[in-house]
Amino acid sequence: MKNKLYSTGNVLRSILLTLPMTLISMMMLSQGGQALGTLEDTCVYLAACAIYNIAFFLMLYKGEIDKWRAVVFATSAVLFSVSFMNNLIELRGSVTYSDADVLSCEIPFCHIVTTMVVIPAAIKQTIIFPGSIMTGFASISAMFVIIFGSSIILGRGFCSWGCFYGGWDDAFSRVAKNPIIKKVNVAYRWFSFAMLIIMALWSAATLAPEYCSWLCPFKLVTERDAIVDTETLLKNVVMVILFLGLVVVLPLITKKRIQCATFCPMGAFESLFNKISIFHVKNNESKCIKCGKCQRSCPLLAIDSKLKPLINCSKCGKCVDACPTGAMQFHIKGTPVGTKITTARLLFLYPAYTLMVTLIGGSVVNAIKIIINLF
Amino acid sequence: MKYISYSIAATMTIMMMLIFINLDGWMQMAAQLPFMKIDPTITGGEVVDSIVSDNYKLWIHEGVHPGLFEDKSRTITQIDIEGDYYGKVTVNGKQYELNATSHDVKVNGEEYAASFKRKNGWTLRIE
Amino acid sequence: MTIEGLIIGLSVGASCVASCGPLIMSVIMKNSPTPSDAYSYLGRFMAGRLMAYLAIAAVTGLMRGCQWQSAKVMAVMSIAVGVMMIVNALVKLPSYCAKGVGVKTYIRSHAPMMYVPALGFISSINICPPVIAAATASLNAPSTAQGIGTFVLFFIGSSIYMLPLPLISLFEDKEAIRTIGRFMSWIIGVMFIVKGLIGL
């Protein structure tokens with residue numbers, strides 16, 4: 001069903017608007033030609049390009065951003081895990097890391113670690129993470145550039161368009177047709193900010209990334225401690241409980257992205273960048289009929305009682321799609337509200353989708369090859 | 001004002017692409033930042049002495065002071081061992097008896113020592 | 001008086017913020033909407049902290065060579081801090097003197113004066129890692145009085161870093177700050193109770 005407010009209206013116009021993204025995605029996914037080695041590689045590359053561009057086309061033609069974003073986002077997250085874990089098995093023989101890997105500084109830098117290294121980096125001028133500064137997969141300098149660069153551009157949009165963990169949460173929050181728990185206490189939206197302050201200070205006190213050590217549920221789908229003693233056993237148990245609870249069960253029964261909305265300290269950190277980003281979601285009060293559909297649909301509890309998006313909005317587009325009057329809209333700071341809505345929407349979509357295609361797309365291509373080779 | 005805003009927004013796609021197209025260049029610049037080095041409590045610090053033989057190799061690192069502000073009352077010295085080593089080693093003016101094989105490592109006379117198995121040997125951290 | 005304590009305090013003060021900061025920040029955020037209230041809470045917390053440091057200095061001086069900080073004592077202190085943080089999460093500390101008579105009213109009206117310094121006292125005896133450094137320095141002081149002086153200077157040096165913390169009360173969205181403070185109290189409370197139970 002088309003969203004009449006935002007649908008482009010015809011196929012040709014949608015194709016023309018998709019063309020720039022086609023060129024961008026083909027350029028970025030080719031990785032400078034490296035992705036086009038053999039015939040099989042080229043076919044996989046073209047398939048990935050097709051998937052991403054069909055989704056983008058449907059966003060424009062149907063006028064529904066969130067639905068098609070979520071399909072690609074969730075698929076990308078799962079395929080990223082396949083690719084990542086396969087890389088680790090090729091490199092180390094296992095998805096677990098031991099003391100030897102930590103001492104060799106061979107741990108890929110995850111973006112969530114940023115929240116824990118900031119204070120020691122400022123005071124002690126060192127990075128308290130056993131990774132590589134320049135070499136290897138997900139080096140510290142590369143992730144630093146990508147995280148800060150994309151956060152300045154999109155703000156917390158990173159959480160809905162770039163984070164390869166968020167797709168898991170997003171996926172499980174869409175499985176059920178109706179929520180079992182219909183009302184989630186909106187105060188929990190601030191829990192991730194409490195987590196941010198505590199994790200940042202605790203990690204600074206111990207000079208170790210404690211959230212990664214003890215609390216990150218996504219280690220289950222990437223890499224985790226090898227179980228060698230009681231402590232590592234406990235860490236793995238906590239990881240499984242948190243993944244099942246925050247990423248699977250609670251999103252299933254509430255239809256909210258519980259891990260992202262309430263627990264992830266990086267989400268709270270990214271929210272601060274919403275103050276800098278030129279893009280945001282705004283409620284045009286002249287069109288708002290106060291039906292509350294936006295607030296009920298928001299997966300991150302990011303809309304307040306006055307139906308205004310808060311600092312923790314991740315610009316996923318769900319409220320924009322849900323709004324019956326078009327009051328909720330993508331907006332560019334410094335421009336009049338309610339004018340050139342489609343322009344603002346497109347100007348946001350292009351960089352956001354570029355991030356998704358480039359950051360996770362390479363892993364998606366790799367994962368498709370791995371799956372094909374399995375058969 | 002609105003034209004400036006639309007212009008800035010329009011350049012964001014190109015900026016996003018440039019992050020990844022010129023990633024190597026940005027990485028080189030980021031690596032020059034003053035905090036872009038791994039904390040010595042993780043790496044063990046610079047190697048100040050080494051003992052090399054046919055059967056073993058020993059690297060003794062400089063002592064590092066743990067803590068957010070480098071608490072100088074504590075010093076942790078890392079020793080990396082490859083191969084089988086039986087003998088004495090002097091660290092921070094104290095002598096330690098080391099017995100290291102591929103299966104086990106023992107440090108005698110230490111107040112506190114942690115041992116970590118590596119691919120080809122052991123890493124000891126003596127406090 | 002040796003200034004070694006001051007130098008230790010200045011050099012490790014950031015660790016104090018990392019350890020004690022979450023405690024006082026969550027109390028401030030949960031209870032104190034105005035900056036003057038926030039600094040009042042910090043002052044009371046520091047008073048409790050100073051009492052703890054003086055007590056440590058006196059005990060260390062009197063019991064030279066004795067290992068008085070046993071693991072079980074520290075574990076119990078840790079649980080006490082955890083319980084106090086959960087109390088902070090559940091109860092609003094009144095900032096005015098309650099009217100009326102009776103024990104309950106007395107406790108309510110004096111609750112801020114008792115609770116916050118008590119938190120500062122217990123947490124400083126228990127979790128402050130630089131206290132060990134200052135204790136070592138005071139042990140080396142020629143006399144008990146100089147040992148106490150070392151501790152006071154350490155306290156001053158390390159407290160400087162705590163001064164900006166109450167500025168968080170300047171944030172506009174008071175409801176959000178209070179909610180974050182409440183959640184922080186819960187998280188820290190649970191962490192300390194678990195840490196204490198493991199230590200027992």
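The values are calculated or read from the model by the stated rules, or taken from the named source; none is laboratory data. Everything numeric here is computed off the predicted structure, so don't read it as measured data. Glycine gets a Cβ as well: all are built from the backbone with ideal geometry, and neighbour counts include every protein chain shown.
Data overview
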{"item": "The stretch A:96-128, residues that are of a type outside the set (Gly, Ala, Ser) and facing chain B (nearest Cβ under 7 Å)", "result": "A:Asp99, A:Leu103, A:Cys105, A:Pro120, A:Ile123, A:Lys124, A:Gln125, A:Thr126, A:Ile127, A:Ile128"}
{"item": "In the stretch A:20-59, residue farthest from A:Gly362 (Cα to Cα) [restricted to those that are surrounded by fewer than 12 Cβ atoms within 10 Å (Cβ to Cβ) and either within 14 Å of chain B (Cβ to nearest Cβ) or of a type in the set (Lys, Arg) (or both)]", "result": "A:Leu23"}
{"item": "In the stretch C:179-198, the residues that are within 7 Å of chain A (Cβ to nearest Cβ) and either acidic (Asp, Glu) or surrounded by fewer than 23 Cβ atoms within 10 Å (Cβ to Cβ) (or both)", "result": "C:Thr179, C:Ile187"}
{"item": "Tally of residues being assigned to a loop (DSSP other than H, G, I, E, B) and not small (Gly, Ala, Ser) across the stretch A:289-327", "result": "20"}
{"item": "Residue satisfying all of: in the stretch A:148-186; more than 30 Å from B:Met15 (Cβ to Cβ) and not hydrophobic (A, V, I, L, M, F, W, C); nearest to the other protein chains (Cβ to nearest Cβ) among these", "result": "A:Asn185"}
{"item": "Test set (1) over 22 Å from A:Val113 (Cα atoms); (2) part of a helix (DSSP H, G or I); (3) at pLDDT below 95 - A:Ser213 fails condition number", "result": "(1)"}
{"item": "Unmet criterion (only one of (1) away from chain B (no Cβ under 14 Å); (2) polar (S, T, N, Q); (3) within 18 Å of the chain's Cα centre (by Cα); (4) surrounded by fewer than 24 Cβ atoms within 10 Å (Cβ to Cβ)) for A:Ser314", "result": "(4)"}
{"item": "Subset of the stretch A:100-129 (residues that are free of Cβ contacts under 8 Å to residues at least 40 places away in the same chain, buried (at least 22 other Cβ atoms within 10 Å of the Cβ) and either touching a Ser or Thr at 6+ places or on another chain (Cβ under 9 Å) or outside the structural domain of A:Glu223 (by TED's automatic domain parsing) (or both))", "result": "A:Phe109"}
{"item": "All positions within the stretch C:6-49 that are touching a helix residue (DSSP H, G or I) at 6+ places or on another chain (Cβ under 6 Å), away from every other protein chain (no Cβ under 14 Å), modelled with pLDDT under 80 and surrounded by 23 or more Cβ atoms within 10 Å (Cβ to Cβ)", "result": "C:Ser32"}
{"item": "Test: residue in the stretch A:283-292 that is among the aliphatic types (A, V, I, L, M) and within 30 Å of A:Leu201 (Cβ to Cβ)", "result": "no"}
{"item": "A:Arg189, sole failed condition from (1) buried (at least 24 other Cβ atoms within 10 Å of the Cβ); (2) away from chain C (no Cβ under 14 Å)", "result": "(2)"}
{"item": "Selection within the stretch A:153-200 - of a type in the set (Val, Ile, Thr) and within 30 Å of B:Leu18 (Cα to Cα)", "result": "A:Ile153"}
{"item": "B:Ser115 vs. criteria modelled with pLDDT of 80 or more and either in a loop (DSSP other than H, G, I, E, B) or within 14 Å of chain A (Cβ to nearest Cβ) (or both)", "result": "yes"}
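Let's see how each residue does on (1) modelled with pLDDT of 95 or more; (2) part of a helix (DSSP H, G or I); (3) more than 13 Å from every other protein chain (Cβ to nearest Cβ):
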position	(1), (2), (3)
A:Thr335	no, no, no
A:Leu346	no, yes, no
A:Gly361	no, yes, no
A:Val364	no, yes, yes
